[in-house]
Amino acid sequence: MEKRSDQTSILENLGRFCRACIVSIVSVGPIPVHIAFIMDGNRRYAKKKNLLEGTGHRFGYLALINMLKCCYELGIKYVTIYAFSIDNFKRRPEEVESTMKLIQEKIEELIKEESLLNIYGVRVYFLGNLKLLNKSVRLTAERAMAATAGNSKAVLSICVGYTSTDEIVHAVQECCERKWDEIRELDSSGAGYGLISIGTNEESKGENIVGVADIEKHMYAAVVPDPDIIIRTSGETRLSNFLLWQSADSLLYSPSILWPEIGFRHLVWAVLDFQRNFHYLKKKGKESEVSWWKSIPRILKYCLFWMVGILILFQFHSLSQKNVEIVWGFF
Ligand SMILES: CC(C)=CCC/C(C)=C/CC/C(C)=C/COP(=O)(O)OP(=O)(O)O
């Protein structure tokens, strides 16, 4: 029994070591600053595994926690997730209620002292029309934002009661209201009142024109940079009203797995895809600053990684299926 658990912990450490090696190899190239996830396929996962529908979302949450850890290990500073769209409110009332309950329960878990958010220094934002949430979920969300406001290493944005078209309409409305107040302040005589028009100019102070940058400032997602990659599981290549304004230059990556099945390997693949397409993604001024000599420790780790890999291959016949699964679990 003792021997068995020793063997398990050796394999777990081996899994962790291999993962750390992959992280250091991938980090030689440019790492995306912001990844957004469309967590698609929770209910299909439950169906596939003959589980209750709501259990699919619980597995989805576990996958989310694992994915956040992977992102923070890779040094990705901003993560945004599509947790509940405005359209999701049209689902069966029992489903809406149970998903909301789950979201509230998990937010409460996430703001505990020893939670993942505090370990990795993550500030959390809720993006969307929060008025659509019931009072207790809204208050929990507000409490989470206040509780993590002092964290500054990373940012997690949770989109609830969100759709991109709603965000754009809200931003334009708010922007016009502000512009109206601004003009009124500048021209107390009221003589300059007129129509406010939407212009293509970036920003326009004191004029009756609202520009792109003016609108952007009023987006829910104004607190984070535009996403470099949007990952949508279940092989779908639609954005489903998610970050339409912000995704003009984003790479869409769409692995054919259901959200609860997502793992480290899918994230690494998405980042490698981003690195391959880096020069096409208009990442001006964001070139990697890594020079070859700075990569020496990483290259050594890379060699060590392959040596260990070859040793494992030699030993493979002596590993049981269970042991192989333990190591594979880290990917
Ligand atoms: C604290 C926090 C943010 C918790 C998140 C909980 C969580 C994983 C919510 C996901 C909800 C959702 C609508 C997923 C989409 O799958 P789907 O229901 O559309 O599945 P389908 O595509 O198989 O129908």
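The values are calculated or read from the model by the stated rules, or taken from the named source; none is laboratory data. All of these numbers come straight from a predicted model, not from anything done at the bench. No Cβ is skipped: glycine too gets one built from the backbone with ideal geometry, and neighbour counts run over all protein chains shown. For accessibility, only protein heavy atoms count, side chains too; no ligands or nucleic acids. Shrake-Rupley method; radii C 1.70, N 1.55, O 1.52, S 1.80 Å.
Scanning for something at negative phi and within 12 Å of the ligand (Cβ to nearest atom), does the range 30-37 turn up at least one residue?
So in the range 30-37, the residues at negative phi come out as 30-37.
This time we only want the ones that are within 12 Å of the ligand (Cβ to nearest atom), so: 37.
Yes, the range 30-37 contains a residue that is at negative phi and within 12 Å of the ligand (Cβ to nearest atom).
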Discussion item. I'd like to know if the range 121-137 contains one or more residues that are open to solvent by 40 Å² or more (accessible area, probe 1.4 Å), within 16 Å of the ligand (Cβ to nearest atom) and of a type in the set (S, T, Y).
Written reply: yes
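Conditions (1) within 11 Å of the ligand (Cβ to nearest atom); (2) in contact with a Cys (Cβ under 6 Å, 6 or more places away or on another chain); (3) of a type in the set (V, I, T), marked per residue:
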{"position": "H57", "(1), (2), (3)": "yes, no, no"}
{"position": "A63", "(1), (2), (3)": "yes, no, no"}
{"position": "N66", "(1), (2), (3)": "no, no, no"}
{"position": "Y82", "(1), (2), (3)": "yes, yes, no"}
{"position": "S85", "(1), (2), (3)": "yes, no, no"}
{"position": "N88", "(1), (2), (3)": "yes, no, no"}
{"position": "M100", "(1), (2), (3)": "yes, no, no"}
{"position": "I107", "(1), (2), (3)": "yes, no, yes"}
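Collect the residues in the range 203-215 that are at pLDDT below 60 and either open to solvent by 20 Å² or more (accessible area, probe 1.4 Å) or not hydroxyl-bearing (S, T, Y) (or both), keeping them in residue-number order. So that I can check it myself, show each step before the final result.
Pass one, the range 203-215, residues at pLDDT below 60: 203-206.
Those that are at pLDDT below 60 and either open to solvent by 20 Å² or more (accessible area, probe 1.4 Å) or not hydroxyl-bearing (S, T, Y) (or both): E203, K205, G206.
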Residue pairs within 6 Å by beta carbon, gap of at least six or interchain, first lying in the range 54-66 and closer than 14 Å to G41 by Cβ, second near the ligand (Cβ under 7 Å from one of its atoms) and of a type in the set (A, V, I, L, M, F, W, C), listed first then second, are H57/L102; G60/M39; G60/W259; A63/W259
Selection over the range 238-283 where residues are more than 23 Å from H57 (Cβ to Cβ) and not in a helix (DSSP H, G or I) yields a count of 13
Residue pairs qualifying under the 9 Å Cβ cut-off, at least six apart or on distinct chains, with the first in the range 23-44 being more than 14 Å from L272 (Cα to Cα) and the second being away from the ligand (no atom under 16 Å from the Cβ) and assigned to a strand (DSSP E or B), are H34/I229; A36/I229
Just one listed residue, out of A141, A146, is among the aliphatic types (A, V, I, L, M), assigned to a helix (DSSP H, G or I) and open to solvent by 70 Å² or more (accessible area, probe 1.4 Å), and it is A146
Expected output for the range 109-127 (first residue in contact (Cβ under 8 Å) with a residue 12 or more places away in the chain and under 18 Å from Y82 (Cα atoms), partner more than 15 Å from the ligand (Cβ to nearest atom) and among the β-branched types (V, I, T), Cβ below 8 Å, 6+ apart or cross-chain) is Y125/V223; Y125/V224; L127/V223
- Task: Report whether or not S152 is modelled with pLDDT of 95 or more, open to solvent by less than 10 Å² (accessible area, probe 1.4 Å), of a type in the set (S, T, Y) and under 18 Å from P225 (Cα atoms).
- Result: no
